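A.B. asks: Here it is: the structure, laid out below.
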Amino acid sequence: MRIGIACYASVGGSGVLASELARALARRGHEVHVISDGTPFRLRNLEDRLVVHVVEPPAYDVFRHPPFELALAAKMADVIRHADLDILHVHYAVPFATSAFLARAMVPGHRVRTVTTLHGTDIFLHAYDYALTAAVRLGIEASDAVTAVSHHLADETRAVFGTDRPIEVIHNFVDPDRFPPRSSPPPRAAALRRALAPAGEFLLLHVSNFRPIKRVGDVVRVFAEVRKTHRARLLLVGDGPEHARALALAEALGVAEDVHALGRIDDVAAVYAAADVLLFPSEKESFGLAAAEAMAAEVPVVASAAGGLPEVVEDGVTGFLLPVGDVPAMAAAVRRLLDDPGLRRRMGAAGRRRVAERFSPAAQVARYEALYKRIIIHQ
Ligand code: GMT
């Protein structure tokens with residue numbers, strides 16, 4: 001098939017998932033065209049059968065705002081026409097599905113079919129800016145097929161938008177080969193442990209884009225609690241609006257010197273393989289790709305029981321799920337893990353197994369492929 005994949009190039013989960021899907025499809029012999037606002041960071045290397053098309057909104061000085069959505073639609077129309085796409089698969093209803101709707105109108109008579117994957121932001125947008133609801137609904141209704149990354153998100157979409165469109169749930173996937181396990185860590189992970197835990201300190205980890213929804217303050221509070229009884233350090237991977245506040249809180253709680261902010265790094269796999277526990281106390285989370293990545297690396301996860309996280313983390317088996325904001329309970333769960341190396345090992349191994357069984361690229365990519373074929377046949 002000739003497949004277009006449209007996504008943001010940012011390092012967020014949707015960009016990672018769309019990039020991995022694009023690469024996997026190209027490796028399975030499809031011709032893939034990625035349409036994005038930049039080159040997604042996981043697609044910077046040359047890949048057979050994969051082309052990245054970058055949207056450049058005109059910065060013409062009459063426009064108060066560069067018209068990204070129009071430039072995106074025009075680029076989509078251009079790729080549909082020139083690459084003769086069978087499928088255009090967009091990640092997010094807004095702006096991608098609405099731009100795809102417009103793009104199809106620009107290539108009248110073309111048989112291209114559109115698939116929209118919801119990652120959650122569309123739903124949050126509804127709560128944040130009700131005025132955009134109609135645009136999200138149009139994106140959903142105008143797609144030939146809609147998928148969501150968790151049952152939780154599919155249910156919420158139906159409830160919020162009152163749509164009776166079938167929404168197929170295709171969970172995120174993680175390639176275990178990209179995430180070496182803690183039990184046989186790569187040399188980079190061992191070096192990291194030597195540098196950051198020279199006296200055998202425990203390493204707690206948080207990975208996110210530091211949006212308020214991630215509750216990074218809770219990460220620091222849990223760490224400060226654990227730090228009272230255990231020699232431990234906290235690694236923060238990523239950056240975003242709450243980063244500075246998190247560091248200020250660590251200072252206020254007297255644990256700043258044990259908090260290491262590693263910033264936005266590409267090689268997060270080495271950090272997972274060096275960590276003892278992932279802290280993931282989000283307020284809302286459609287799926288929680290970082291939790292699945294940690295599990296792939298055999299790292300137990302202490303998370304909130306929010307959104308789709310219970311579909312990822314099996315409570316008591318691959319980690320612990322606690323109520324949002326329950327810092328004492330999360331700290332107790334971390335202590336339980338740190339005090340019991342056997343439990344850490346068992347939960348880590350169960351996590352890697354769960355990822356292989358439920359969130360493998362082979363199975364999830366095949367489901368997207370089957371969906372594409374179904375809507376092409378039914379045109
Ligand atoms: O988590 C973020 O803030 C980034 C966001 C995105 O849009 O890239 O991630 C969302 O999509 C990921 C891939 O499907 C999911 O694993 C994340 O759970 C979801 N984030 C939220 O729901 C907050």
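Only the coordinates and a few stated rules stand behind these numbers; no lab work does. Since the structure is predicted, the reported quantities are computational estimates derived from the model, not experimental observations. Note that each Cβ is placed from the backbone with ideal geometry, even for glycine, and that neighbours are counted across all protein chains shown.
A.B. asks: Just flag the chymotrypsin sites (Phe, Trp or Tyr not before Pro) in segment 279-375 sitting in loop per DSSP whose Cβ has no more than 15 other Cβ atoms within 10 Å. Mind showing how you got there, number by number?
C.D. replies: Working: sites: PHE287, PHE320, PHE359, TYR368, TYR372; in loops: PHE287, PHE359.
Answer by residue number: there is no such site.
A.B. asks: Around PHE287, which amide H atoms from residues at least 5 apart in sequence, or from another chain, sit under 5 Å from its own amide H, with H modelled in the peptide plane?
C.D. replies: When sequence neighbours closer than 5 places are left aside, the close amide H contacts are GLY308.
A.B. asks: Then there's this: With only alpha-carbon atoms in the gyration tensor, what are the semi-axes of the equivalent ellipsoid for segment 90-190, in Å, largest first?
C.D. replies: Details: eigenvalues 210, 64, 32 Å².
Working through the eigenvalues yields semi-axes of 32, 18, 13 Å.
A.B. asks: Quick one: which residues, 5+ away or cross-chain, put their amide H under 5 Å from the amide H of VAL34? H built at 1.01 Å from N.
C.D. replies: Under 5 Å from the amide H of VAL34: ILE5, VAL51, VAL52, HIS53.
A.B. asks: How large is ³J(HN,Hα), in whole Hz, for each residue of segment 182-192 in order, when computed from phi with the Karplus curve 6.51 cos²θ - 1.76 cosθ + 1.60 and θ = phi - 60°, using x for Gly and Pro?
C.D. replies: Result, ordered by residue: 4, 5, 9, x, x, x, 4, 6, 5, 5, 4 Hz.
A.B. asks: Also: Taking each pair of distinct Cα atoms in segment 144-264 once, what is the resulting Kirkwood hydrodynamic radius in Å?
C.D. replies: Taking every pair of different Cα atoms in segment 144-264, averaging 1/r and inverting gives 17.2 Å.
A.B. asks: Apply the Karplus parameterisation 6.51 cos²θ - 1.76 cosθ + 1.60, with θ equal to phi minus 60°, to every residue of segment 203-209 and state each ³J(HN,Hα) to the nearest whole Hz, in sequence, with x for glycine and proline.
C.D. replies: Per residue, the Karplus-derived 3J(HN,Hα) values read 10, 9, 10, 10, 10, 6, 9 Hz.
A.B. asks: Sticking with this one: What trypsin sites (Lys or Arg not before Pro) does segment 1-89 have in DSSP loop regions with at most 13 other beta carbons within 10 Å? Display every interim value, and only then the final one.
C.D. replies: On the way: sites: ARG2, ARG23, ARG27, ARG28, ARG42, ARG44, ARG49, ARG64, LYS75, ARG81; in loops: ARG28, ARG44, ARG49, ARG64.
Counting only loop positions with at most 13 other Cβ atoms within 10 Å, the trypsin sites (Lys or Arg not before Pro) in segment 1-89 are ARG44, ARG64.
A.B. asks: I need the phi-derived Karplus couplings for segment 25-36: 6.51 cos²θ - 1.76 cosθ + 1.60, θ = phi - 60°, integer Hz, Gly and Pro marked x.
C.D. replies: 5, 4, 5, 8, x, 7, 8, 10, 10, 8, 10, 8
A.B. asks: Taking N as the number of residues in segment 200-255, what value does Rg over Cα atoms divided by 2.2 N^0.38 Å take? Let's see the in-between values first.
C.D. replies: Numbers: Rg = 10.8 Å, N = 56, 2.2 N^0.38 = 10.2 Å.
Relative to the 2.2 N^0.38 Å estimate, segment 200-255 comes out at 1.06.
A.B. asks: Starting from the Cα gyration tensor of the chain, multiply each eigenvalue by 5, take the square root, and state the resulting semi-axes largest first in whole Å. Write out the running numbers ahead of the final one.
C.D. replies: Details: eigenvalues 286, 90, 77 Å².
Here the semi-axes work out to 38, 21, 20 Å.
A.B. asks: Only sites in a loop by DSSP and with at most 16 other Cβ atoms within 10 Å count here; which trypsin sites (Lys or Arg not before Pro) in segment 159-266 make the cut?
C.D. replies: Qualifying residues, ordered by number: LYS228, ARG231, ARG264.
A.B. asks: Describe numerically, in nm with one decimal, the distance between label points set 7 Å from Cα along Cα→Cβ at LEU253 and at ASP155.
C.D. replies: 3.1 nm
A.B. asks: Continuing with the same structure: Please give the per residue volume of the convex hull enclosing the alpha carbon atoms of segment 1-132, rounded to a whole number of Å³.
C.D. replies: Details: hull volume 15.2 nm³, N = 132.
Each residue corresponds to 115 Å³ of Cα convex hull volume.
A.B. asks: Then there's this: Using amide H atoms built in the peptide plane, which far-off residues or other-chain residues are under 5 Å from ARG182 H to H?
C.D. replies: Residues meeting the criterion, in which the H sits 1.01 Å from N, are GLU298.
A.B. asks: Can you give the FRET efficiency for HIS65 and ASP164, using 1/(1 + (r/R0)^6), R0 = 45 Å, r = Cβ-Cβ distance, to the nearest 0.05? Write out the running numbers ahead of the final one.
C.D. replies: Details: r = 35 Å, r/R0 = 0.77.
The computed FRET efficiency comes out at 0.85.
A.B. asks: Can I ask one more? Using only helices, what value at 222 nm comes out for the chain when you add -39,500 (n - 2.57) per DSSP H run of length 4 or more and divide by the total residues, to the nearest 500 deg cm²/dmol?
C.D. replies: Computed mean residue ellipticity for the chain: -13500 deg cm²/dmol.
A.B. asks: Something else now. Name the residues of segment 125-162 whose amide N is less than 18 Å from a point 7 angstrom out from the Cα of ALA370 along the C-beta direction?
C.D. replies: Flagged as within label range: 145-151.
A.B. asks: How are the C-alpha pair distances of segment 236-302 spread across 5 Å bins, as whole percents from the shortest bin up?
C.D. replies: 3, 15, 22, 26, 22, 10, 2
A.B. asks: Taking 0.36 nm per intervening residue step and subtracting the Cα-Cα distance, what contour gain separates MET1 from ASN45 on full extension? Let's see the in-between values first.
C.D. replies: Values: separation 44, 0.36 × 44 = 15.84 nm, distance 2.20 nm.
So the chain would gain 13.6 nm between MET1 and ASN45.
A.B. asks: With a ≥ b ≥ c taken as the square roots of the eigenvalues of the C-alpha gyration tensor of segment 295-347, please select rounded if a/c is under 1.5 and otherwise prolate if a/b is larger than b/c or oblate if it is not?
C.D. replies: Details: a/c = 2.59, a/b = 1.19, b/c = 2.18.
Cα axes put segment 295-347 in the oblate bin.
A.B. asks: Could you give the nm distance between label points at GLU357 and LEU132, where each point is 7 Å from its Cα heading toward the beta carbon?
C.D. replies: Calculated label separation equals 3.8 nm.
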